[in-house]
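Participant: Handing you this structure, nothing more for now.
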Amino acid sequence: MASRIYYSNRPGADLRVVLVGQERVGKSSAGNTILGKKEFNCRISSIPLTVSSEKIEGEFRGRRVSVVDTPGLCSSQLSAQQVEAELIKAVELSYPGPHVFLLTLQLGRFTPQEQRGLQTLQSMLSPEVSQHTMLLFTYGDRLEDMSMEQLIREDVILQGLLQSCSGVYHVFNNRETGDRRQVQELLDKIDSISKGGTVHYEMGAQTRVSGVWGLPIKVIGNIRKGGDWLCSKITEPGADLRVVLVGQERVGKSSAGNTILGKKEFNCRISSIPLTVSSEKIEGEFRGRRVSVVDTPGLCSSQLSAQQLEAELIKAVQLSNPGPHVFLLTLQLGRVTPQEQRGLQTLQSMLSPEVSKHTMLLFTYGDRLEDMSMEQLIREDVILQGLLRKCSGEYHVFNNRETGDRRQVQELLDKIDSISKGGTVHYEMGAQTRVSGVWGLPVRVYGGIRQEVAPANPVTVSGLLGRTHRQPLEADPAVISTVKTPKTDKRR
């Protein structure tokens, strides 16, 4: 299966919506109606305006709602591979997964493309996507004196579409975009599909993803970690900053996160056991710039296994979509244990060696220096010198007695900008991916993943059925399709 149904224990906490459909059916307008504000570009234009997946967040009656708009399923501006990549991006933007795909249809415009919409969506993501799909009809004012139920009874195509998806539909009246009741009714129907927001679509085994430079990749298994990672260049320097805090337990990562954000968000109270056991993201703003901070469990966690910790680090990267600008390896001054010394090595083994280029050292409890400068301490400490040589070479010191001093935060962000070239370079998952097998079966890839053209007989899930739980799948490069990732940084 290419997806799984995921159950959350926080019903109704938030709602994640992905709008899909053909060009010019009113997806962007529908997104604005849901959000209650004009965020997506829906002006009249001779060419489609939505050519990449975009996420906007809002609130409806105290509930956080995120909406992702996507390009047309049969886009006139993008290739099929590019559309597929944008759909996968839409799922990633809705991390950990969308509660619903709204297949948007314009009343009075049912072309053959519209009829194939759900089929296209299934082929690009997975057949299971239909369970999480409902129909959203725009321009409901065109019904006039006819009811939607009557229209469906008379239209076998619509009947077939409803039978192929969740069976739920909704109608937006474009003349009454300010009517919030129609939005409430839509959210109620989404809740009926997602069991009150506790069930969502999530990418799982046998996931097909788009390759770097547009080359296709087919991966068998859950995407777990990257053998090679890329530096991606974005086009809006300084637009935002994405930070991941890493380090051992009790070094002050959560407190450092709160200092960066300028507010107490991460739990850092005194406790006999570590409080951070899962990766958590908090967003804030610093002098007009959006800053997101992800706190992570200790690299040698006393609460998690090595596999669980690795999963949390991967989650931290995903929470920083499209990728963190920096990993702040947090160290407590006066407490550099052997575990601290191995911190960067642990991070590299769980993510990739290239993570070091995007890592800087953050020292907490800088007030302990007293009359000694940090430069002097480094000159006298060969362990710290070695750590700095192995990472970006940048470091910063937080004074825990002056958590309200925003200058030390500004200086930190300036140093992060020097690593990320003003926020234009970030750490990102690449194509040479090591995967874990279906149902926990390990996958061993020989000779590296190099092949650029999909073979005639790729590995399939059915080929795994006869294997025992502990027996690894030994896959030859001839049966795994991916692309060769260069060692140099890739810049968009």
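What follows is calculated from the coordinates using simple rules that are stated; it is not laboratory data. If you're wondering where the values come from, they're calculated on a predicted model, not measured in any experiment. As a convention, Cβ positions derive from the backbone with ideal geometry for all residues, glycine included, and neighbour counts pool all protein chains shown.
Participant: Counting pairwise Cα distances across the range 56-102, what percent come out greater than 13 angstrom?
Facilitator: Percent of Cα pairs beyond 13 Å in the range 56-102: 60.
Participant: Label residue 357 and residue 405 with points 7 Å out from Cα along Cα→Cβ: what is the distance between them in nm?
Facilitator: 3.4 nm
Participant: Show me the trypsin sites (Lys or Arg not before Pro) within the range 325-358 that DSSP assigns to loop and that have at most 14 other Cβ atoms within 10 Å of their Cβ.
Facilitator: Taking the range 325-358 and a limit of 14 other Cβ atoms within 10 Å, the loop trypsin sites (Lys or Arg not before Pro) found are 342.
Participant: Cross-link list 55/263; 38/281; 281/315; 55/89; 37/195: which exceed 22 angstrom alpha carbon to alpha carbon?
Facilitator: Over 22 Å apart, Cα to Cα: 55/263; 38/281; 37/195.
Participant: Find the all-direction average of the projected area of the Cα convex hull for the range 229-428, expressing the result in square nanometres with one decimal place.
Facilitator: Over every viewing direction, the Cα hull of the range 229-428 projects on average to 10.3 nm².
Participant: Let me ask another. Just to verify a number: FRET efficiency for residue 14 and residue 179, C-beta to C-beta distance, R0 = 25 Å, to 0.05?
Facilitator: Taking R0 as 25 Å, the efficiency between residue 14 and residue 179 is 0.65.
Participant: May I ask you to derive the FRET efficiency for residue 385 and residue 278 from their Cβ-Cβ distance with R0 = 35 Å, giving the value to the nearest 0.05?
Facilitator: The pair residue 385/residue 278 has a calculated efficiency of 0.55.
Participant: How big is the gap, in Å, between the Cα center of the range 54-111 and the Cα center of the range 326-396?
Facilitator: Cα centroid to Cα centroid, the span is 41 Å.
Participant: I've got another one for you. Just the projected area, averaged over all directions, of the convex hull on the alpha carbon atoms of the range 85-154: how many nm²?
Facilitator: 5.7 nm²
Participant: Over the alpha-carbon set of the range 3-203, divide Rg by the Kirkwood Rh and report the Rg/Rh ratio to two decimals.
Facilitator: A ratio of 0.93.
Participant: Take the Cβ-Cβ distance between residue 82 and residue 368 as r, set R0 to 41 Å, and report the resulting FRET efficiency rounded to the nearest 0.05.
Facilitator: Plugging the Cβ-Cβ distance into 1/(1 + (r/R0)^6) gives 0.20.
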